[in-house]
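J.: Would you mind keeping the following structure in view while I ask a few things?
Computed from the coordinates by the stated procedures, all read-outs in this text should not be read as laboratory data. All values reported here derive from a predicted model rather than from experimental measurement.
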């Protein structure tokens, strides 16, 4: 299975936010974008989606920034990927040129099962699991901000 670039970016953003320690200043969207190596506008779209999912909280103004919510730290990676990827199927049988086999095809069902097995393999993992050592220290090092 292949994740969309949007889902990949959102997961990397969540991982970077997950390693911000209590007491540290929250990161800005621009800092997250720089840390994960994407344009600001792409990161902003991903952060907005993560806010709608209740994974990220954004505060404006002085002392503001992005923080991962409690549910964000505990989120199942499988659930998060499902939410970010949407309800789409691996193949588009109904698109602009519908497949002539769509009424009697067994491939669509097999691919749907494979997709669900892929998500199910990610279900036991949490965001906290993804940032355990050695990944966490590397993520912290991606920031231009000095540790503190």
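J.: Tell me the mean residue ellipticity at 222 nm calculated for the chain from its helices only (DSSP H runs of n ≥ 4, each -39500 (n - 2.57), averaged over every residue, nearest 500).
T.: The helix-only estimate for the chain comes to -15000 deg cm²/dmol at 222 nm.
J.: Another question about this same structure. Below 8 Å, C-alpha to C-alpha, sequence gap of six or more: please give me the relative contact order for the chain in percent.
T.: It comes to 30 percent, rounded to a whole number.
J.: Follow-up. Full extension from residue 99 to residue 40: what is 0.36 nm times the residue separation minus their Cα-Cα distance, to one decimal in nm? If you can, show how the numbers build up before the last one.
T.: Details: separation 59, 0.36 × 59 = 21.24 nm, distance 3.86 nm.
17.4 nm is the gain from fully extending residue 99 to residue 40.
J.: Answer rounded, prolate or oblate for region 10-84, using the Cα gyration tensor with square roots of eigenvalues a ≥ b ≥ c: rounded when a/c is under 1.5, else prolate when a/b is larger than b/c, else oblate.
T.: Since a/c reaches 1.5 but b/c is at least a/b, the shape of region 10-84 is classed as oblate.
J.: Okay, next question. Return, for the Cα atoms of region 62-148, the radius of gyration and Dmax in Å, separated by a comma.
T.: Rg and Dmax of region 62-148, Cα atoms, are 19.4, 61 Å.
J.: With Cα extents along the principal axes in Å in mind, check [x] 60, 30, 23; [y] 71, 45, 27; [z] 55, 31, 28 and report the label derived from this structure.
T.: [x]
J.: Ok, one more. GNM, the chain, Cα, under 10 Å: largest mean-square fluctuation among 34, 94, 116?
T.: Of 34, 94, 116, the most mobile in the Gaussian network model is 94.
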